[in-house]
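Working notes, beginning with the structure itself.
The values are calculated or read from the model by the stated rules, or taken from the named source; none is laboratory data. All figures in this text were calculated on a predicted structure; none of them were measured in a lab. Quick reminder, even Gly has a Cβ in these numbers, built from the backbone with ideal geometry, and neighbours come from all protein chains shown. Ligands, DNA and RNA are excluded from the accessible area calculation, which covers all protein heavy atoms including side chains. Shrake-Rupley method; radii C 1.70, N 1.55, O 1.52, S 1.80 Å.
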Amino acid sequence: MLSIKLLNQYYGDSHILRDLSLEVPQGRLTALMGRNGVGKSSLLKCLMGVVPARSGSIAWSGQALTRLPPWRRVSQGLAYVPQGRDIFARLSVEENLLVGAASRRAPRGIPAHIYQLFPVLESMKHRRGGDLSGGQQQQLAIARALMSQPQLLILDEPTEGIQPNIIQQIGRTLRLLVDEMGLTVLLVEQYYDFCAEHADFYAVMQRGAIVATGKGSDMQARGVQAMLAI
Ligand SMILES: Nc1ncnc2c1ncn2[C@@H]1O[C@H](COP(=O)(O)OP(=O)(O)OP(=O)(O)O)[C@@H](O)[C@H]1O
Ligand SMILES: [Mg+2]
């Protein structure tokens with residue numbers, strides 16, 4: 001389990017995460033939802049150690065992460081797909097993938113299951129990252145994150161600006177990673193229907209804190225969509 005307790009984070013004087021606590025169960029897909037600017041991406045950056053937490057704690061499988069640098073968190077099993085994907089535009093697809101393997105747990109070369117999960121990447125492996133479509137870049141970003149053989153995959157709005165058929169494919173892939181490969185997925189997502197379809201658990205964030213949690217199958221009954229409306 002990923003256990004976040006009383007986390008506080010600031011940009012200068014702006015208090016963003018406010019005593020945020022959340023438990024993300026192991027081997028399941030949890031969707032973190034919330035309106036623009038509530039601090040979702042900031043939370044993920046704190047989890048990865050990309051921005052510092054002022055106070056509070058983060059633990060994965062009982063191991064404290066709070067003070068570890070990002071690369072140590074990767075070697076503890078975390079992987080991160082940032083909002084906007086951050087593909088290396090001038091590197092080939094294959095090179096982008098190999099960058100993802102530059103960690104302690106990395107395998108040599110590109111393991112077969114990566115291209116099985118994302119066949120389009122194999123057919124485009126010599127193409128430059130920047131020449132891929134948005135949906136293909138998102139698949140590349142997920143595949144790159146998987147290269148470190150993570151236990152916990154953290155994604156920031158993977159459906160943002162992507163066409164519906166690729167969104168469906170990404171949803172199926174995330175379910176497969178959870179159901180067949182035993183990964184834990186924490187997904188920040190504003191696309192309600194995607195969460196309702198794929199999430200085992202949900203959490204709703206408002207103004208830097210978690211205000212509701214539950215099972216994905218209860219989202220409708222609990223009125224989650226209304227919490228996300230203005
Ligand atoms: N580097 C930064 N410096 C200062 N303020 C920041 C920085 N990054 C984000 N913020 C502010 O922190 C708040 C939370 O931003 P964050 O990106 O975490 O929100 P979000 O929930 O991910 O939003 P979105 O849904 O638009 O992606 C916002 O008010 C934002 O303007
Ligand atoms: Mg964001």
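The table that follows gives values for the structure above.
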{"quantity": "Estimated [θ] at 222 nm from DSSP helical runs (n ≥ 4, -39500 (n - 2.57)) normalised by residues in the chain, nearest 500", "calculated": "-9000 deg cm²/dmol"}
{"quantity": "Antiparallel content of DSSP bridges confined to the chain, in %, to 5", "calculated": "55"}
{"quantity": "Exposure rank, largest accessible area first [Asp193, Asp200; 1.4 Å]", "calculated": "Asp193, Asp200"}
{"quantity": "Most to least accessible of Met205, Met1 (protein chains only, probe 1.4 Å)", "calculated": "Met1, Met205"}
{"quantity": "Residue-by-residue Karplus 3J(HN,Hα) for segment 4-18, coefficients 6.51, -1.76, 1.60, Hz, glycine and proline x", "calculated": "10, 10, 6, 7, 10, 9, 10, 10, x, 8, 7, 8, 9, 8, 10"}
{"quantity": "Estimated vicinal HN-Hα couplings, Hz - segment 111-124 in sequence order (Karplus 6.51, -1.76, 1.60; Gly, Pro = x)", "calculated": "x, 4, 5, 5, 6, 5, 5, 10, x, 4, 6, 5, 5, 10"}
{"quantity": "Dipole magnitude of the chain, debye to nearest 20 (Cβ charges: Lys/Arg +1, Asp/Glu -1, about Cα centre)", "calculated": "660"}
{"quantity": "Cβ charges +1 (Lys, Arg) and -1 (Asp, Glu), total dipole of segment 43-150, debye", "calculated": "380"}
{"quantity": "Added length on full extension, which subtracts the Cα-Cα distance from 0.36 nm per residue, Arg175 to Ser92", "calculated": "27.2 nm"}
{"quantity": "Of all accessible heavy-atom area on segment 2-227, the percent that carbon and sulfur account for (1.4 Å)", "calculated": "47"}
{"quantity": "Accessible area of the chain divided out per residue, in Å², using a probe of 1.4 angstrom", "calculated": "47"}
{"quantity": "Proximal lysines to Lys40, defined as alpha-carbon separation beneath 21 angstrom and excluding residues fewer than eight positions away on the same chain", "calculated": "Lys5, Lys215"}
{"quantity": "Top positive-direction residue, dipole computed over segment 2-227 with Cβ charges, set Tyr11, Tyr115, Gln138", "calculated": "Tyr11"}
{"quantity": "Segment 25-60: trypsin sites (Lys or Arg not before Pro) falling in loop per DSSP and having at most 13 other Cβ within 10 Å", "calculated": "Arg54"}
{"quantity": "Calculated over the chain: convex hull of Cα atoms, volume per residue (Å³)", "calculated": "117"}
{"quantity": "5 angstrom amide H check on Thr66, placed H, neighbours 5+ away", "calculated": "Ile58"}
{"quantity": "Distance in nm between pseudo-label sites at Gln190 and Gln206 (7 Å out along the Cβ direction from Cα)", "calculated": "1.8"}
